[in-house]
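Participant: For reference, the structure I am asking about is given below.
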Amino acid sequence: MEIADLICSMIGSHRVIELFRANDPTGQSRLVEPHAVYIGSNSRGFVDFWQLSGWSWSEQALGWRRLALTDVIDVRPQDARFEPRADYRPDNRQWYRAFVCTAGPVPVVDEQLPGDAEQG
């Protein structure tokens with residue numbers, strides 16, 4: 001199973017995961033609530049998550065984070081579950097191109113196609 005598939009499975013069941021990132025110190029990990037896997041405006045895969053604890057280069061364990069899927073080297077499902085956070089607002093983020101999976105509703109982009117304009 002690929003990393004994106006495993007993360008999507010954990011998002012669907014609202015399971016906390018232990019996430020290991022490339023370039024973090026050996027043995028360091030992050031305990032996170034994954035909220036979305038998506039394709040960014042640069043056509044790369046990303047995961048958005050709320051970090052509960054663990055390693056962080058910024059030394060701030062709590063908070064929203066985004067990682068490229070290519071930087072995630074291992075994911076370990078935990079027994080703990082989470083409720084999607086009310087402050088997760090993917091509709092406010094302009095770099096989302098397409099969602100692969102999300103813990104909440106996927107925002108709808110109201111686009112009008114050529115020829116769909118009302119005729120008066």
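Participant: On a full-extension model of 0.36 nm per residue, what is the gain between S43 and H14, subtracting their alpha-carbon distance, rounded to one decimal in nm?
Facilitator: On the way: separation 29, 0.36 × 29 = 10.44 nm, distance 2.57 nm.
Contour length minus Cα-Cα distance gives 7.9 nm.
Participant: Based on the mean of other Cβ atoms within 10 Å per residue, sort peptides 78-87, 50-59 so the most packed one is first. Intermediate results must be reported in sequence, preceding the final value.
Facilitator: On the way: 78-87: 11.3, 50-59: 13.9.
Highest mean packing first, the order is 50-59, 78-87.
Read-outs throughout are calculated quantities, based only on the coordinates presented, and are distinct from any laboratory measurement. Because the structure is predicted, anything quoted here is derived from the model rather than measured. For neighbour counting, all protein chains shown are included, and Cβ atoms are generated from backbone atoms with ideal geometry for every residue, glycine included.
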